[in-house]
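What follows is a single structure, written as structure tokens, with notes after it.
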Amino acid sequence: MKNHEIDYAIHGDDMQFISVELDPNETVVAEAGSLMMMDDHIKMETIFGDASDNQGSGIMGRLMGAGRRLVTGEGLFMTTFTNIGQGKRNVYFAAPYPGQIVPMDLSKRNGKIICQKDAFLAAAKGVSVGVEFQRKLGAGFFGGEGFIMQKLEGDGMAFIHAGGAICEYELTPGEVLKVDTGCLVAMTQDVNYDIQAVGGVKTALFGGEGLFFATLSGSGTVWIQSLPFSRLASRVFAAAPASKGGGGQSSDEGGIGGIFNLLNR
């Protein structure tokens, strides 16, 4: 085993957080900004890359690891949390928006999971967070995730997050599953990923489901989210009141600003 072996527990329903139990000298790596709280005697350190052996040693290895993360849309830095005490210690990480945290034991997934660019939350030290390029032009241009997705490699635990409820679906040989391009969260490396156009001009223009959907085939496991963050953000933006004069609330809005506007009429 190259990765640190960590114990964990997931708490909550819609706004979840995860507690990771570390033995002495064990380390967990997480996205910068995901920390919720931690016990005493845990050393926190900001690093380039993912602290795995795959990024190499020296400054060039660290720069390459950070560059891979930058290409996938993540920040240049990650944070490690190491138990420097004598007994067990806990560190807690929170999900960035409503949804579910999914634990991935990479040793049971042939050492690799491919996921959407912003899905990664935390992992045992030694898990590599890399780049997975889509080889097909259609999947790259119209797949919702572009040419680049994340890949998590190693033999330890990794944790990803997605919006809404998560469906874990087992594909059988010869089966094809059609998925909204934004709803695909992750898949094992045996799954074939391609893009297919929605049939019919009327359906494409007025169906409200976009022009393309993802087709998944092969024998493997896929994870589907019910509420992509992009869909949530678009609903919030559409429901937001229109501002006047380049900022602030309009005079007919609720809240304190609206009350003062009514009093001034």
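Rule-based calculations on the coordinates, nothing more; no lab input. Everything quoted here is computed from the prediction, not taken from an experiment. Counting neighbours? That spans all protein chains shown, and the Cβs are built from the backbone with ideal geometry, glycine included.
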- Task: Give me the distance in nm between label points sitting 7 Å out from Cα along the Cα-to-Cβ direction at residue 240 and residue 197, one decimal.
- Result: 3.4 nm
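Please find the FRET efficiency linking residue 178 to residue 231, where r is the Cβ-Cβ separation and R0 is fixed at 22 Å, and quote it to the nearest 0.05. Mind showing how you got there, number by number?
On the way: r = 17 Å, r/R0 = 0.79.
The pair residue 178/residue 231 has a calculated efficiency of 0.80.
On a 20 Å Cα-Cα criterion, which of the cross-link pairs 151/178; 125/151; 108/178 come out too long?
On the way: 151/178 22 Å; 125/151 15 Å; 108/178 25 Å.
From the list (151/178; 125/151; 108/178), the Cα-Cα distance tops 20 Å for 151/178; 108/178.
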